[in-house]
Every structure is written in structure tokens, then in C-alpha cells.
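Just so you know, all these numbers are worked out from the coordinates, no wet-lab data involved. It should be emphasised that the depicted structure is a prediction, and the values quoted were computed from it without experimental measurement. Positions of Cβ are backbone-derived with ideal geometry, glycine not excepted, and every protein chain shown enters the neighbour counts.
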Amino acid sequence: MKNNRRHADTNFKYYNVNPLHRTEEDCVTRAISLATGIRYQAVLKLLDLVAYRYKCDKLYVGCYRHLLEDVFGYKPYYCDNGETVMDIAEKYKNNKVIIRIDGHLSSSLYGVVNDIWDCTQEEVDVYWIVG
């Protein structure tokens, strides 16, 4: 189901909410903050609490899944048929979605992927519908 057509520029938006405007490894915090509407610093604290509770690295999928699934109650949806970030964004263009690719977390708000780099053609392994 991989979507190989070029997407319109409006389907990707550069988004960096890092307080210092850095493009460091904070994709987890950035994606969760944007999709849930929870302030960046609050998400950082929640991730720290989850990491402490489960003794895990907050940037590891096995750790931040506790926040998404156990605390927030979002259901995971798994992809194994080559769906891209853009495929998921277009499929759920009426929703906010947190989308995971290998080693990266992104978010889509109503069909527009918001991130610090254009990951729209990357294959998705799991995603969570926020609302």
C-alpha cells in the first residue's frame, strides 16, 4: 500500500517546539506534546516519571509506550504492509495521530505531518490515534 506519489507541500510542516530551537533528540517529546496538546515541559516531566517508574530510557519505544498506552490509554495500531507516514496521515486526516518509524516519532494533525524533517515517505511500524 506504499504511496509513491509526490505529496503537496501542505502535507508537511516544519515544526520545532524545542524551547532552545535545537533539533536534538527530542522527537518523542515534540510529537507527544503536539498531538496531545500538553506543554513540552510537562511531557518531558511525564516521560521522566515513566522512565523512573519502569527503569527505562524515555526515548526508547518500550518506555514511552507506557505513557501513550498505560497512562493516556491510546491504542496501538501496527503496520506491516509498507504504509508510509503520509499514508497514515492521509488515512486519518480528521484526527491527530502519533506515528512511529524506525528510530523516530512524529505526529500528524488532520493530515499534515509536523516535524523537523520530512519523514512522510518513511515506513510506519506503529501509530496511535489521539483524537
Can you confirm whether residue 29 is touching a Leu at 6+ places or on another chain (Cβ under 7 Å), farther than 14 Å from residue 126 by Cα and among the polar types (S, T, N, Q)?
yes
Return the only residue of 49, 67 being within 14 Å of the chain's Cα centre (by Cα) and either buried (at least 18 other Cβ atoms within 10 Å of the Cβ) or more than 16 Å from residue 113 (Cβ to Cβ) (or both).
67
On the phi > 0 side of the Ramachandran plot and without any contact (Cβ under 8 Å) to a residue 40 or more places away in the chain: is that true of residue 73 in this structure?
yes
I'm trying to understand the selection: among the residues of segment 74-131, which are among the polar types (S, T, N, Q) and either buried (at least 18 other Cβ atoms within 10 Å of the Cβ) or under 12 Å from the mean Cα position of the chain (by Cα) (or both)?
84, 106, 107, 108, 114, 120
